[in-house]
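Scroll down for the structure; my scribbles are underneath it.
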Amino acid sequence: MLTSSLTRGGKWSSASLAFLSIAVVQAVLNIALEACLIYKLHGRFDFTLAHTTFDSGFICAQVGALMLAVMALHVRSEPLATAATALDILLVVLQAAQLAQTGVLHVEVLQAVGICALVLGSAAKAWLTCRRLKKEFGWQVYRALGADLGMQRMFFCQQLLLALVIVAA
């Protein structure tokens with residue numbers, strides 16, 4: 001069974017721990033910045049409910065990206081790890097759209113820091129996924145399923161469908 005080594009009493013690899021720590025730092029930093037942004041914008045006269053809704057939605061999406069990263073490591077799925085990185089890139093686009101709408105200097109600095117954290121974190125997660133986790137997960141799939149390429153392709157398709165179902169939910 002391809003599940004986390006933590007459930008079998010083992011330890012995660014250094015690449016898995018690095019991926020998880022990047023995801024946690026990225027989520028905590030962006031949630032803190034968004035909470036500060038909500039606080040700073042709340043006193044403005046042109047503050048609307050749309051700002052709070054957008055920022056709250058961004059916080060929920062950041063929590064979802066963190067949960068997706070943890071799930072990817074738990075089920076040892078490269079497509080889920082890639083989906084977690086792609087969700088970070090989508091959050092960069094949403095943050096840039098919000099930056100274009102706000103137009104307040106001290107708020108723009110907070111959003112720029114958040115965008116930089118997302119870009120650097122997603123680049124680091126993409127590098128870890130491509131270089132380290134792909135090999136680690138591939139070796140675990142090979143050990144569990146053997147050398148049959150048909151079985152490995154079917155397992156990869158199942159992992160893609162799992163990623164689509166989780167992201168769509």
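Quick notes on this one:
- Residue 127 meets each of the listed conditions (1) within 17 Å of the chain's Cα centre (by Cα); (2) closer than 20 Å to residue 58 by Cα apart from (2).
- Meets criteria (open to solvent by less than 50 Å² (accessible area, probe 1.4 Å) and under 25 Å from residue 25 (Cα atoms)) for residue 110: yes
- Any hit, region 8-16, residues being farther than 30 Å from residue 141 by Cβ, at pLDDT 75 or above and in a helix (DSSP H, G or I): no
- Residue list for region 139-164, restricted to those being closer than 24 Å to residue 12 by Cβ and open to solvent by 40 Å² or more (accessible area, probe 1.4 Å): 139, 142, 143, 144, 145, 152, 155, 156, 158, 160, 162
The values are calculated or read from the model by the stated rules, or taken from the named source; none is laboratory data. All of these numbers come straight from a predicted model, not from anything done at the bench. Reconstructed Cβ throughout: ideal geometry from the backbone, glycine too, with neighbour counts over all protein chains shown. Note: accessible area is taken over every heavy atom of the protein model, side chains too, but ligands, DNA and RNA are not part of it. Shrake-Rupley method; radii C 1.70, N 1.55, O 1.52, S 1.80 Å.
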